[in-house]
Amino acid sequence: KPKGAKEPKSRDRLLDMFEAAQGEYLSGEEISRRLGVSRTAVWKQIRRLKEAGYVFDAAPKLGYRLADSDSALDARRIQAALTTSRFGRELTVLSKTDSTQTEAEKKAHEGAIEGTLVVAEEQTSGRGRQGRPWHSPPGLGVWMSAVLRPEGPLTAVPQLTLLTAVAVCRAIRVVSGVEAGIKWPNDLLADGRKLCGILLEAVVEDGRVRHCIMGIGIDANLSESDYPEELRSKVTSLRRESGVEVDRSALIAAVMNEFEMLYGLYNERGFEPIRLLWESLSVTLGREIVVRDLKGERRGIAHGLGEQGELMMRTEQGEIIPVYSGDIEL
Ligand code: BTN
C-alpha cells in the first residue's frame, strides 16, 4: 500500500505551516486551532512526518519547529524541481519498503504510465545486479525506480541501461559538482570508487518488452561508517567527494529531467547520440580490463562501445571482440 499518493491533505497543510514559520516554533495549541484538528491528531501527524524523515525540534513551552526540511525526501520539493512532462509526475515517496523495484513493478503491472516513479528513504532488501544485495540505509541515499514502456525489442534494453547511466552521471555533475564517470556497463564511479548502481529489469511477454523497471541507487549522503566493513574500500558518496550534503530531492528531479531529455533523443534519433555521450563520460575506455562472464576470464583494453551498447575490447592478440554482459575489473 503505497502511502505517498494518498497522503492526507492535513499533512501538506501542516508542512506549509512549518515552512511558513521559517524555523520558528509553533505551539501544539496553535497548530490544532489553525488546522481545526485535535492536539492528539497534530501530535500523530508530526510523528508520521518524523517517520518520513523530517526532523523536528520539540521544546516544552514553545512547541515544534522544523529543524531541517531539506534533509528529508519530499514529494512536493521533488516535483517543484521537475521540468519533465512525464517522468516523476506520478510520484510515490515511501519512508520504508523492501525494494522500490518491487513497488514500481507492482504499479507497472497495474497499468502505471511510463515515468511513474517510486522513491524510498530506506530499503530493507534492496537488490543489485546479479542477485547481489544493495545496501540502502534510511535517510541518506537516493533509492528509486521508474516505470519504462519502451517500444523497441528486448535487445534494446542494454541501451536503455547505458542511457540511464548517462542521465544519472549528468544529473550528479549538475547537482553536486562531483565528476562522476561511467564504468561499463552502468556503474558510476568517483575516484575509482562506486557511487551509484543501476539495475534495469525487463518484463517480457511473447518475446516483447511489456515494461521495464529502471532502478537507480545513488550513495548521496552516506559516510564511511554507514557501510558494512567489507564495502568501505570500494565505495564512496557524493557527500564524501564534495564535502557537502547533497539535496536528494533536487538530485532525484535532476535525474528525471536528464532522463526524459535523453530518452526523447533516443526515441527520435536512436542510440548513436547516447553512445557518444556515454563514451565521453566513460572512465573505462582505454583502460586495461578483465572481463569475467560465463566464458571465463579474458583480458584486454576497453576500446569503445558498439552499436548495440556492447563493449568492444581489444584482446592481447589485437583482435577486437564484443562483450555483452558480465562484470569488468579496471
Ligand atoms: C548494482 O549496481 O548492482 C545495481 C544497484 C541498484 C540499486 C537500486 S536502489 C533502487 C532500486 N531498488 C532496488 O532494490 N535496487 C535498485
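Summary table
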{"item": "Environment charge of Ser32, counting only residues whose C-beta is closer than 13 Å and scoring Lys/Arg +1, Asp/Glu -1", "result": "+3"}
{"item": "Computed over the range 4-71: relative contact order in percent, which uses C-alpha pairs under 8 Å that are six or more apart", "result": "34"}
{"item": "Estimated FRET transfer efficiency (Arg86, Arg39; beta-carbon r; R0 35 Å; 0.05)", "result": "0.25"}
{"item": "Mean Cα-pair separation over length for the range 75-281, i.e. relative contact order, pairs under 8 Å, 6 or more apart, %", "result": "23"}
{"item": "Convex hull volume per residue for the range 288-329, taking Cα atoms only, in Å³", "result": "62"}
{"item": "Qualifying trypsin sites (Lys or Arg not before Pro) for the range 241-295 [loop in DSSP, other Cβ within 10 Å: at most 11]", "result": "Lys295"}
{"item": "Relative contact order, percent, the range 288-329 [alpha-carbon distance under 8 Å, six or more residues apart]", "result": "37"}
{"item": "Alpha carbon Rg of the range 38-93, scaled by the compact-globule rule 2.2 N^0.38 Å", "result": "1.42"}
{"item": "Solvent-free Debye scattering, log10 I(q)/I(0), computed from the Cα coordinates of the range 132-171 at q = 0.16, 0.29, 0.32, 0.34 Å⁻¹", "result": "-0.59, -1.08, -1.11, -1.13"}
{"item": "Cα centroid separation, the range 22-101 to the range 113-151 (Å)", "result": "22"}
{"item": "Label-to-label distance, nm, for residues given as Lys295 and Glu19 (7 Å Cα→Cβ offset)", "result": "5.4"}
{"item": "The chain - mean residue ellipticity at 222 nm from DSSP helices (-39,500 (n - 2.57) per run, n ≥ 4, rounded to 500)", "result": "-10000 deg cm²/dmol"}
{"item": "Viscosity 1.002 mPa s, 20 °C: Kirkwood-radius Stokes-Einstein D of the range 156-202 over Cα pairs, µm²/s", "result": "200"}
{"item": "Cα gyration tensor, the range 75-281 - rounded (a/c under 1.5), prolate or oblate", "result": "rounded"}
{"item": "FRET E, pair Ile113, Asp206, Förster distance 25 Å, beta-carbon r, rounded to 0.05", "result": "0.70"}
{"item": "For the chain, share of DSSP beta bridges that run antiparallel, in % to the nearest 5", "result": "90"}
{"item": "FRET efficiency, 1/(1 + (r/R0)^6) with R0 41 Å, evaluated for Glu229 and Ile321 via beta carbons", "result": "0.65"}
{"item": "Label-point separation, Thr155 to Asp98 (7 Å along Cα→Cβ), nm", "result": "3.5"}
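FYI, it's all coordinate maths here, none of it is from the lab. This is a predicted model, so every value here is computed, not measured. Here Cβ is always computed from backbone atoms with ideal geometry, including for glycine, and neighbour counts include all displayed protein chains.
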